[in-house]
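The values are calculated or read from the model by the stated rules, or taken from the named source; none is laboratory data. It should be emphasised that the depicted structure is a prediction, and the values quoted were computed from it without experimental measurement. Here the Cβ is made from the backbone with ideal geometry for all residues, glycine too, and neighbour counts use every protein chain on show. Please note that ligands, DNA and RNA were not included when accessible areas were found on the heavy atoms of the full protein model with its side chains. Shrake-Rupley method; radii C 1.70, N 1.55, O 1.52, S 1.80 Å.
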Amino acid sequence: MARRYRRKSHSSQIINDSIYASSRLPWWGALTLGLATFTFFYFIAPAWVMSSIDEQLSRPITEGLKMVLIRRVHWLEYLGIVSGIVGLFFTFRNYFISAYARSGERSVVNILSRIIGRSID
């Protein structure tokens, strides 16, 4: 039998990469990465999507696409919130503890940041 690989979503991969990178950076690097990803996903990407939607001509297919994309903009904002939480956590953690975070701690941060991000979003 062939193996079945479970493919993760793109947002899950972005969050996992953000956690891994922030855990390996010094405190100021984690803060910078958290602020940069929060700003990009919470402000810049949704504004770009909305402006590109507004530039399209009014046709029935573009109106349908517009409705779908408007509902999905909050996913980008959620990614921004979770990335910001991850950056803040590892800023404080890396300031007080100089060792790298292990995989168990990173998985706990992954779960907690998603829960807190959902409650804020």
Accessible area per residue, 1.4 Å probe, Å², for the range 27-117: what's the number?
65 Å²
Using a 1.4 Å probe on the protein heavy atoms, what percent of the accessible area of the chain belongs to carbon and sulfur?
65 percent
Dividing the convex hull volume of the alpha carbon atoms of the range 19-73 by its residue count, what do you get in Å³ per residue?
73 Å³
Most positive-pole-ward Cα, MET50, GLY84, THR39, against dipole of the range 27-117 from beta carbon charges:
GLY84
Using alpha carbons only, how many degrees (0 to 90, rounded to 10) separate the axis of helix 103-120 from the longest principal axis of the chain?
40 degrees
If you take all C-alpha pairs in the range 1-103, what percent of them are over 24 Å apart?
41 percent
Give me the angle, in degrees from 0 to 90, between the Cα long axis of helix 10-24 and the longest principal axis of the Cα atoms of the chain, rounded to the nearest 10.
30 degrees
Among 83-90, 29-36, 109-116, what's the highest-first ranking by average C-beta atoms within 10 angstrom per residue?
83-90, 29-36, 109-116
With point charges of +1 on the Cβ of Lys and Arg and -1 on the Cβ of Asp and Glu, referenced to the Cα centre of the chain, which listed residue (SER107, HIS10, THR62) lies farthest in the positive direction of the dipole?
SER107
0 to 90° range, to nearest 10: angle between helix 27-39 axis and the chain longest Cα axis:
10 degrees
